[in-house]
């Protein structure tokens, strides 16, 4: 490990902020690893999103020193973090899911990376599966990318295929988006770009945030010198109709907000077609809930376009080149050309 990743002097103020919703079992399981984090000037905050389980009682009984921000209702991931971070004064926020196990010193490489380069606004650690610690985890893997049609993927994860970690993506380098499961971000930039888009509620809000951060002239990085282990699917498991709805609706909104106008004119119709193909494929496979969720997402996007655009956070008027952006169609590469892995799809020319 580089000497640059071994210490921070002087130490910046870092707040590890965990948004909890009915996650008592995860708090019990993973808070000890978070509290074992080494380094000066690190604060742990739990923002409770209107939990109806005994999360608050558990924290008050077993961790009375932890600062708790209590909401009386579930604001979702986006608004929950926005409201919580208004109340947290720090140089950096480490936004962390409750179902993540961290390693001692995991913060230091990420903080050192951002301290070295003021243009780096955010980064993520290498995210491996808690269930199988040799495998990359779906929600971010070794750093997020985006294709021309808005399909997110990651170094180590293409659609539903996760690779084994063999050190093949251990480069510290620019990416398109950093995972909301473990997002280390400069507090000043988070507030400069107005945080998460609260209309998203949950899912892909971190991709939208990172897109806006890049358009504002900053960079997003992977930081594989830090590793965490993520359970995944703790709030909305894979296959959940609400999760499908939010992913398809929010992805469409994100494209509408952030794409240049000329590109939007042809990308959006193609995505309509691709989403329709996905919906019918699901229906023919016997998954009627998946089909209905995509149809509802399309209608919800139209509703957003007509009546709710003013509620969304749009990018600044600045324009900047994008890192981690694939000028190809991921669906074609994966489903037609049968390419399974990131290294097969992304080469030095992309």
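The values are calculated or read from the model by the stated rules, or taken from the named source; none is laboratory data. Note that the structure is predicted; figures quoted are calculated from it, not measured. Here Cβ is always computed from backbone atoms with ideal geometry, including for glycine, and neighbour counts include all displayed protein chains.
A few comments on the model shown:
- Hey, residue 202 under 17 Å from residue 80 (Cβ atoms), touching a residue at least 40 places away in the same chain (Cβ under 8 Å) and in a loop (DSSP other than H, G, I, E, B) or not: yes
- Test set (1) surrounded by fewer than 21 Cβ atoms within 10 Å (Cβ to Cβ); (2) touching a residue at least 24 places away in the same chain (Cβ under 8 Å) - residue 167 fails condition number: (2)
- For residue 68: the one exception among (1) within 22 Å of residue 107 (Cα to Cα); (2) in contact with a helix residue (DSSP H, G or I) (Cβ under 7 Å, 6 or more places away or on another chain); (3) in contact (Cβ under 8 Å) with a residue 24 or more places away in the chain; (4) surrounded by fewer than 17 Cβ atoms within 10 Å (Cβ to Cβ): (3)
- Selection status of residue 328, touching a strand residue (DSSP E or B) at 6+ places or on another chain (Cβ under 8 Å) and either within 30 Å of residue 124 (Cβ to Cβ) or surrounded by 12 or more Cβ atoms within 10 Å (Cβ to Cβ) (or both): yes
- Where strands (runs of 3 or more DSSP E) fall wholly inside the stretch 113-183, the ranges with 1 or more residues that are closer than 14 Å to residue 219 by Cβ are 120-129, 144-147.
- Of the residues making up the stretch 222-234, just one is within 13 Å of the chain's Cα centre (by Cα) and more than 22 Å from residue 20 (Cβ to Cβ), namely 222.
- If the condition is being touching a strand residue (DSSP E or B) at 6+ places or on another chain (Cβ under 7 Å), free of Cβ contacts under 8 Å to residues at least 40 places away in the same chain and either on the phi > 0 side of the Ramachandran plot or assigned to a loop (DSSP other than H, G, I, E, B) (or both), then the stretch 27-58 contributes 41, 50, 51.
- Considering each residue of the stretch 82-94 in turn, none proves to be outside any helix (DSSP H, G or I), within 22 Å of the chain's Cα centre (by Cα), farther than 23 Å from residue 199 by Cβ and modelled with pLDDT under 95.
- Count - residues of the stretch 129-140 that are surrounded by fewer than 24 Cβ atoms within 10 Å (Cβ to Cβ), within 10 Å of residue 162 (Cβ to Cβ), touching a residue at least 40 places away in the same chain (Cβ under 8 Å) and over 11 Å from the mean Cα position of the chain (by Cα): 1
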